[in-house]
Every structure is written in structure tokens, then in C-alpha cells.
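Single-structure report; data block below.
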There are 2 protein chains.
Amino acid sequence: MWHMVRQSTEVVRERVLNAAADLFDRYGVHAVGLQRVIDEVGCGKYMLYREFPSKDDLIVAYLRRSCQYWDQTLDSTRATTTRPEEQLIELVRTVSRQVPGTRGCPLRNTYAEFPEHDHPARQVALEHFSLVRQQLGDIARQTGAPEPDRLAERILLIINGLYSPGHTAGPEDMSEISVTLARDIVAVETGKHPTRDQSGQRAEAR
Amino acid sequence: MWHMVRQSTEVVRERVLNAAADLFDRYGVHAVGLQRVIDEVGCGKYMLYREFPSKDDLIVAYLRRSCQYWDQTLDSTRATTTRPEEQLIELVRTVSRQVPGTRGCPLRNTYAEFPEHDHPARQVALEHFSLVRQQLGDIARQTGAPEPDRLAERILLIINGLYSPGHTAGPEDMSEISVTLARDIVAVETGKHPTRDQSGQRAEAR
DNA sequence: ATGGTAGCAGACCGATCGGTCTTGTGTTGT
DNA sequence: ACAACACAAGACCGATCGGTCTGCTACCAT
């Protein structure tokens, strides 16, 4: 009945999304035109607009994928240890490792690029921020800390700080600095011996 | 000899810069066209281009002014107390108070908007980041903390976190959370009794 | 009063944006 | 072999970008 599709839509969709995500990550959403995406993919406009009827649709797909990446990061982090205290610290470590060399967090950057309150990109980003807050809250609660919400907010503050633009300009040992800070925070909040014992270093050597 | 200028160039320059700064702050540099600035000011293009020969010049002026604001913030913070420990905490408090309702830090946002390494805006922003790092380092050193650089980086991490886009989406007591965290950090780093004594609240109630 | 000029308004320019439509070509199933 | 189809290429559209240029108006010193 059908004349057999040359390219399955999923394949095209994936190729377009890959190229767009790469360009968006590197140059920002506003700065990248769809023509550039098309040139990168090597397809016609026809295909792109079949998969993503508008640029906003493409942006939303890009952000949703970024959300998935975060979820994967969180899951794999959770898998490394069962202790919730270590999970929080490990999360900070992971973020601090994957930030250098990038422009930061796609969701945060894109959120900043679209101040119009009704833009679909903001919706996705806000949902994500809310989810992250909830996820951190869950882990923090498992630690048995007396004030889990404050613990979660503190860790989130560090993670946001790591994603901050221009942070790369700092010393290259941001990983150690942020991880040891997270460790101190967790220690203070869980009451498990907060005092600094000078052993901040712990083979953090990136 | 001259037919008397109707508007002194300084006045025009200031009015243009005011309008541009307001729009850039609210909508982002890329999203604001010069026509919109002109409409806001109520002057002709002639005047704008006489003061700022190109948009980049306007952007740079906007960023330099933002740097001045920061310097003022820092100075007034320093003036509130002579104790360097309190200065760091007060700085965090100030930032946490002025962030809500804004789009964050103009310098950080604009830096994120221009990934091209040779853009003049990046130059200004990078200089600022470097200066801030140095300023925080100076104060941290005055505390006599054994590792002042780490203390400074920790405080900077919090400040960057506060400026993070989408942070406004969080609870409204970010001020208290960040300030108490800063307090804990300073206590830990200076060795002055790190243990949490539950008295995080201190009439922080915005 | 009048000539000269500062400055606002807006036409205008080429480039580029997101998005649509056409055209030519190469593959496919029959 | 041939008709049907999918696709890449790109012309095209209106809007808007940064930036230039030109009138017209209103004010000024003389």
C-alpha cells in the first residue's frame, strides 16, 4: 500500500535532533538558524519541517532530551551508592565533571534566552527545575537530616553555581572545591561530624 | 562659534544607556532590537548612533555599567562591617536580596548569550569575573582562614548559584538559605566553631 | 525676520530570520 | 519500462535585524 519510506521518520528525527542539540549547545538557541541545522544534517527543509513543524517544537524536543540526560545522570549516580549522603555528593561530583568545556546547562541557558513567560521552552525548563528540586528533596529526606529541604536547597545552590556561565574561567579544580563543599554541607546537615578534619582532599584529583 | 547643542551628549548617552539597560535586563541582549531602544528613548537613530556607533558598543557600555553596579554593591557591603567574615556573608545576603524579580546577572547572562570567543562582550565579562574572584580572595585572605582561596571559591559558588536562571522558581526564602549556608561555610573555613547551633534564623525574614 | 543648523522621524539598504512552495532527480514497486 | 513517489535543493515570502541616509521641523544667533 505504501511505497516504502526511504528514511524512517525516527532516523531523520534523531539526526536532526542530534545536529540541532549540538549547535544549540555550542552557540545558543537564538544564534542558530534552521538553515544551519539543515546544512549540518544534509537534508532538505522538507524533512526538518515534517518532524518539527516549527523551531519551537525543535527547541522543546531539545530541552526534553536534555531532561532525559539529567535523569540518566541522576539514575547512574544513584546506582553508584545506596547511601543517600554519598548520592548527593556524587551528584555534585558528576555535574562538576561534565560542565567544563561546555556552555553549561542547556535547560538553564535556554530558560535565560526566553524571558517571555508564555514561551513553551520556559514551561519545559520550569517543569525540570521543579522535578530536580523534588528529586533532591527525596534524597535529602532519606538521609534523615533534620531539615532535608534546606539540605536539598544547599546542594541545588552548588549545582546551579557549577552551571553558571563564565565559571569555566575559574581554577580547574572546581570539581574538588564543589565536592568537598558538598561533603561539608552533608556532614553539617546530617549532624555527622561537621568539623573540618583537614582531609578535604580525597583523591579528588579529577 | 557653535550653535549651542540642544542636548548635551552626556544626557543623551545616559538616557539611551538607561533605556537599553532596562530592555537588555528584561528581554536579553539578542532579543532587543535597536529600534525598540530608540522608541523607548524617544530620540532618532541619529543620536543613538552618534553615542554608540554600533550595537556592540552599546552592549559593552551596558556591561561596564553593570560592573560598576557590582563594585558599588561590594563597596557598600564592605562598609557595613569591618570584619571580613561578616563581609562575605553580607555580600551573599545582598546578592540574594537583589536577585528576585530580575533575570539574574547581566554580565553572566550576556556572557552566555555570546559564545563567540572574540566578541567584545566576553572580554568585559571575563575581566569582571576575574576581578570578582580576586576581590573575594582578598576578603577571604583577611579572615585569616587557612585556605582563603577555597573559602573564596565556595562563596563565589553560592553567588553564582543565586544568579542561576530559573532559581526564582524556588522557595521565596532563598535569601535565608544562602546566607545561613554562607555563614556555615565561613565558620568552617575560619575554624570558628563550625557546628550548627540551630540558630540559622536571624531575622532573615526578608 | 531670516538663514543656518541640530535633531526627530522614518524611508531605505542588504542580510538573515522562520517558514512555505516548487522543481528536478533518483529510487521504488508494479 | 514506467508511473508513483520521496527527497534534496533552493527559490521565495514577509518580517526584522543592524546600520545609513534624507527630509522636515523647530530653534538659534544675527
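The values are calculated or read from the model by the stated rules, or taken from the named source; none is laboratory data. Predicted model only: the values in this text are computed from it and were never measured. Cβ sites come from the backbone with ideal geometry, for glycine too, and all protein chains shown count toward neighbours. Areas reflect the complete protein model, heavy atoms only, side chains present, ligands, DNA and RNA absent. Shrake-Rupley method; radii C 1.70, N 1.55, O 1.52, S 1.80 Å.
Some points to look at:
- Helix-derived mean residue ellipticity, 222 nm - over the protein assembly as shown, DSSP H n ≥ 4, -39500 (n - 2.57), to 500: -22000 deg cm²/dmol
- Ellipsoid semi-axes in whole angstrom, largest first, where each is sqrt(5λ) of the Cα gyration tensor of the protein assembly as shown: 37, 33, 17
- Qualifying aspartates and glutamates (Cα of each under 19 Å from Cα of A:Lys45; at least 8 residues distant if same chain): A:Glu10, A:Glu14, A:Asp22, A:Asp56, A:Asp57
- Relative to the longest principal axis of the Cα atoms of chain A, the long axis of helix A:9-27 makes an angle of roughly 60 degrees.
- Under 18 Å from the A:Asp22 label point (7 Å along Cα→beta-carbon), backbone N, region A:45-65: A:45, A:48, A:59, A:62-63, A:65
- Label spacing, shortest first and in nm, from B:Gln134 to its equivalents in the remaining copies (7 angstrom along Cα→Cβ): 4.7
- Chain A - percent of accessible surface contributed by carbon and sulfur, probe 1.4 Å: 52
- Surface accessible to a 1.4 Å probe, A:Cys67 within the full protein complex, Å²: 20
- For the B-to-A rotation axis, chain B residue with nearest beta carbon and its distance in angstrom: B:Gly161, 2
- Once C-alpha pairs closer than 8 Å and six or more residues apart are averaged by separation and normalised to the residue number of chain A, the relative contact order reads 20 percent.
- Note on A:108-115: average number of Cβ atoms from other chains within 10 Å of each residue's Cβ is 6.
- The distance separating the Cα centre of region B:7-49 from that of region B:122-140 comes to 28 Å.
- If you plug the beta carbon distance of A:Gln98 and A:Gln123 into 1/(1 + (r/R0)^6) with R0 = 25 Å, you get a FRET efficiency near 0.50.
- Averaged over the residues of A:151-160, the number of partner chain Cβ atoms lying within 10 Å of the residue Cβ comes to 6.
- Across the identical copies, the label point of A:Arg65 (7 Å from Cα in the Cβ direction) is separated from its matches by 3.9 nm, in order from shortest.
- Shortest first, B:Gly44 label-point distances to identical copies amount to 4.9 nm, with the label point at 7 Å from Cα along Cα→Cβ.
- Taking the C-alpha atoms only, the angle from helix A:120-142 to the longest principal axis of chain A is near 30 degrees.
- Shielding by other protein chains, A:120-133, mean Cβ within 10 Å: 2
- Between 0 and 90 degrees, the angle of helix B:148-163 with respect to the longest Cα principal axis of chain B falls at about 50 degrees.
- Both radii are taken from the alpha-carbon atoms of chain A; with Rh as the Kirkwood radius, Rg/Rh is 1.06.
- Computed from the C-beta positions of B:Arg65 and B:Glu147 and an R0 of 35 Å, the FRET efficiency is 0.55 to the nearest 0.05.
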